[in-house]
Structure formats: C-alpha cells, structure tokens
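No lab work stands behind these numbers, since they all come straight from the coordinates. If you're wondering where the values come from, they're calculated on a predicted model, not measured in any experiment. Every residue, glycine among them, receives a Cβ derived from its backbone with ideal geometry; neighbour counts consider all protein chains shown.
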Amino acid sequence: MKKARIICVANGLVFQELMESIAYSLDEISLKNTGKKYGKIIIQDDTKVNVNEPFDLNFIIRAFRPYGVGRLAGGKRILVQPEECWNDREKGFYRHALTVGCDRVLEMYDENVKLKFGYPDVIKYCPVGYSPVWEKNLPEVEEDIDVLFHGSLTPRRKEFARALGTAGFNCVFSDKLYGLEREKKIMRSKVVLNIKAHPKWSYGPLHCLPTQCQKKFILAEKADGGYGPFIPGRHLSEYNGIDDCLAKVDYWISHEKERKEFSIRAYNLMVKECDFTKIFEGVMGDYI
C-alpha cells in the first residue's frame, strides 16, 4: 500500500485546510487513475514524525522554519512553500532546504519561483486553488460586522485597525481565527479586508481563499503583481493606503447587492479556473 505523510513545520491551525487539500487531491487523482484512493495518508506535526519510517511521499509544509528534510527515511521529499520570500533570512532557509535533499518544491508564489537558487527544475509553481475542503456551506446570517481581518497582526495591520476603529466602523481584527470559527466570522462580515503584512508582499491568495469559498466580499490592498485571475472592479475591490481604505469601506458596507455580485463572480471563476486538484496533478502527477 502506498503511503504519504504531510508534515507541518509551523502552526498547523494556519495550514490545516491546505494540508487537507493535498490529501483530498492525492485521493482524487488516485481514484481517477486506479479506481482506488491513494492509500495511507497522515497529517502530523513535525514533533511527532518517526523519521525512520519510510513513506512514498513526504510533504513538508515549511513556512520558512528550519527542518531536517534530509533526516526523513526513503521516498520523495516535497517542500510545500506557502509563504513569500521577502527578506534574506527567509531566502536563506529556502536555499538550505534545496541543498539538503528536497526532490521537489511546490511553490505557491510566482515571485518566489523566479528566485530558483540554481534549482530551476526542482521548483514548480503550484498556486493555491479551490478545493471542497475549504467550502463549509454555512447558511447566510445577519452581517453585523462591518470589517473583518484575520491573520497575523503586524504593526502596519494594527495601524489599519486603529484607523477603522477611530472612524467608527464595527471591526474585528484577530490573529486567532482558524477553521470553522473563522468561517463563521466571515459569514457575519460585510467586508473581509486583505492587508499586506509587509509592503513588498503580494495580495496573499491563501489568505483570501476562505472568504472566496464562502462567497463573501474581499477588499484588498493594492498589489503591484495583481491578484492572480481575479480582476479589481469585477471579483474584488482594491484600495491604496489607509485613507482610501476608509473611503472604500464606507462605500461597500452600504452596497450589499454589489458585494454579492462581486463575490459570486469570484467564486465561480475560482471553481472553474483554479481547481487545486488539477493544479496539483500538473506538478505531482508523475509521483502519484
């Protein structure tokens, strides 16, 4: 029986749906090819890994934490890279992972793909996409929250929180929302705000996915690299700076019909063109 393990070297709550999406896609691809699910798939924290037990596939959700990839016994070692390289420290972790035995890197940011570090054939672009794992199908509820932000509360994000609160908007900013509790808050929100942690970052597709899968509205900070397949003014709205954010929030909280139209268009595009299993098969099909 084939075996795969998905190891999280980070906060597992942050990447739970991503890990479950990998497991789901392994089963779907195997079902299509063989009529049977993949075999044994386990998801585990890096502190619980038996490095001496061989697995056919070892996925390491790294998030720029040092990890002894080379210690894993047997099988293919696949680094799943879900965060951006925006400083030299993170680039150093990335380069180290490539030199100690990764057979493949599934890179979720195209800007990181360009780095290559001398391993152009190892790094594969694998953008995060739609999976049924993300879609909770929660009922519509009263939207009693004007603005929701979920994610790490960096100093610049706290500046936005203070400005929105001072302006009188009913806001929830939290770095402790995961899974179903996060989705429940999303369903209660008129606007889900996307704020770059650092000015050099992109719009953060992994951060937006839970909102898009619940068919809710995203107001995103302007990103020079665009928003993947999503078009500002059609699938989401964008702002540039705190003052513009305040003005856009003020507009959007009173335009429910338009918010829903944007959200449905984004959801339909995501399901049609960003199916994660198809993306995953394109970069991992030879290993499954």
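Rounded to the nearest 0.05, the FRET efficiency derived from the C-beta distance between residue 170 and residue 234 at R0 = 25 Å is 0.40.
Here the range 5-56 is treated as an ellipsoid with the same Cα gyration tensor; its semi-axes, largest first and in whole Å, are 22, 15, 5. Fully extending the segment from residue 152 to residue 48, taken as 0.36 nm per residue of separation minus the present Cα-Cα distance, adds 34.9 nm. Relative to the longest principal axis of the C-alpha atoms of the chain, give the angle of the C-alpha long axis of helix 242-252, reported between 0 and 90° and rounded to the nearest 10°. Helix 242-252 and the main axis of the chain meet at about 80 degrees.
Between residue 244 and residue 162, residue separation times 0.36 nm minus the direct Cα-Cα distance comes to 28.1 nm. In percent, rounded to a whole number, the relative contact order of the range 146-200 is 56, using alpha-carbon pairs under 8 Å and six or more apart. Gain on full extension, evaluated as 0.36 nm per residue between residue 121 and residue 40 minus their Cα-Cα distance, stands at 26.3 nm. Hey, quick one: spin label on residue 254, modelled 7 Å out along Cα-Cβ, who in the range 148-169 has an amide N within reach, i.e. under 20 Å? Correct set: 148, 164-169.
Here, the range 114-273 is characterised by an Rg to Rh ratio of 0.97, where Rg is the alpha-carbon radius of gyration and Rh the Kirkwood radius.
At q = 0.26, 0.29 Å⁻¹, work out log10 I(q)/I(0) for the range 107-170 with the Debye formula, treating every Cα as an identical point scatterer and leaving solvent out; two decimals please. Calculated log10 I(q)/I(0) at the listed q: -1.04, -1.14. Computed 3J(HN,Hα) for the range 202-216, one whole-Hz value per residue from the Karplus formula 6.51 cos²θ - 1.76 cosθ + 1.60 where θ = phi - 60°, is 8, 6, x, x, 5, 6, 7, 4, x, 5, 5, 6, 9, 6, 10, glycine and proline marked x. With the convex hull of its Cα atoms as the shape, the chain has an orientation-averaged projected area of 14.9 nm².
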